[in-house]
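So the structure is just underneath, and the comments pick up after that.
Just so it is clear, none of the values below were taken in a lab; they were calculated from the coordinates. None of the values given here were measured: they were computed from a predicted structure. Ideal geometry is used to build each Cβ from the backbone, glycine not excepted, and the neighbour counts take in all protein chains shown.
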Amino acid sequence: MNVLRSRYVVAALLAAAVLAVPLFLITTNLRIIINSGWLYSYGFERYERAAVTGIEPGELTKVAEQIKAYFNDASAAPLDVRIRLYGEETALFNEREIVHMQDVKGLVRGLGFWQQVTFWYLAGFAVFMALLWERGTALRRIAKGLFWGSAVTLALLIVTGLAVAIGFDAVFTQFHVMSFSNDYWQLDPRHDYLVAIFNEAFFRDAVLIVAGMTATQAALTAGVCLAYQRRTRGAAQRP
């Protein structure tokens, strides 16, 4: 028990909790956005995708629904989006787009994995603290981990915001270079419906929305934890 309470073990567990907070918040919000209906509708309307692509608004909604279903399907079946285009039912995406979406699905599934890993780590961290120390001490240690984790989250978001403000296109390109081992992501909106429907501005707005959601959550968490630490500071200093 004394070994588990050592400053080095506690510091290591606390550091891992600090890193887990931003990863949990970001992966959670990305999954929410990916599975939302309103983001797709917003992007289609704001950037007039029906007029640009020739796909009717109702059919664009079907595209979004089929893509969401594909991301949530655990099978290895390739994406097969079928809609009515110019009066005929057709497979919307070509082979290059389908292969790229398989790669994207891998990233999306990875979000789910890391969301679960960080959730269970943070839950385990809280339980571990509660088992080793009395209630007040345990809560202060948990609050400390969540506070610094939220602070790290806000710092990362500031860096992300600056990068987006300076040049989202360069950041977006670099993300693809680092995330994919092939060049199937290099599509042409003149010929490939995937990037004609989901243009770069759509993803920029999605990033900003996720950043806003995450910043709000991190700021609230940091505020609550800081208030709790200050309120209980006197009790912590008493023998």
For this session: Report the local net charge at Phe93: Lys and Arg +1, Asp and Glu -1, summed over other residues whose C-beta lies under 11 Å from its C-beta.
Result: -2
For this session: Give the cross-link partners of Lys105 among the lysines, using a straight C-alpha distance below 29 Å as the criterion and excluding same-chain residues fewer than 8 apart.
Result: Lys62, Lys68
Exercise. Does region 10-119 come out rounded, prolate or oblate by the C-alpha gyration tensor, with a ≥ b ≥ c the root eigenvalues, rounded set by a/c under 1.5 and, if not, prolate when a/b is larger than b/c and oblate if not?
Worked result: prolate
Exercise. Add -39500 (n - 2.57) for each DSSP H run of 4 or more in the chain, then divide by its residues: what number comes out at 222 nm, to the nearest 500 deg cm²/dmol?
Worked result: -26500 deg cm²/dmol
Exercise. Taking the Cα centre of region 13-237 as the origin and placing charges on Cβ (Lys, Arg +1; Asp, Glu -1), which of Trp38, Val104, Leu226 is farthest toward the positive end of the dipole?
Worked result: Leu226
Exercise. If you stretched the chain out fully between Asn94 and Phe168, how much longer would it get, using 0.36 nm times the residue separation minus the C-alpha to C-alpha distance?
Worked result: 24.0 nm
Problem set entry | Value of relative contact order over region 115-210, rounded to a whole percent, pairs C-alpha under 8 Å and six or more apart | 15 percent
Seminar exercise, completed: For Ala76, the net charge from surrounding residues (Cβ-Cβ under 12 Å; K, R +1; D, E -1) works out to +1
For this session: Kyte-Doolittle cut-off 0.5, length cut-off 24 Å along the helix's own axis using Cα: show which whole DSSP H helices in the chain pass.
Result: 7-34, 95-132, 135-179, 200-231
Exercise. With the contact rule set at Cα under 8 Å and sequence spacing of 6 or more, what percent relative contact order holds for region 13-237?
Worked result: 32 percent
Exercise. Considering amide H positions built from the backbone, and no H for Pro or chain starts, which residues 5 or more places from Leu85, or on another chain, come under 5 Å of its amide H?
Worked result: Thr90
Problem set entry | Cα Rg over Rh - the chain, Kirkwood | 1.09
Exercise. Using the per-residue mean of other Cβ atoms lying within 10 Å as a proxy for protection, in what order, highest first, do the peptides 20-26, 30-36 fall?
Worked result: 20-26, 30-36
Seminar exercise, completed: With DSSP loop assignment and no more than 13 other C-beta atoms within 10 Å, the GluC sites (Glu not before Pro) in region 1-90 are Glu48
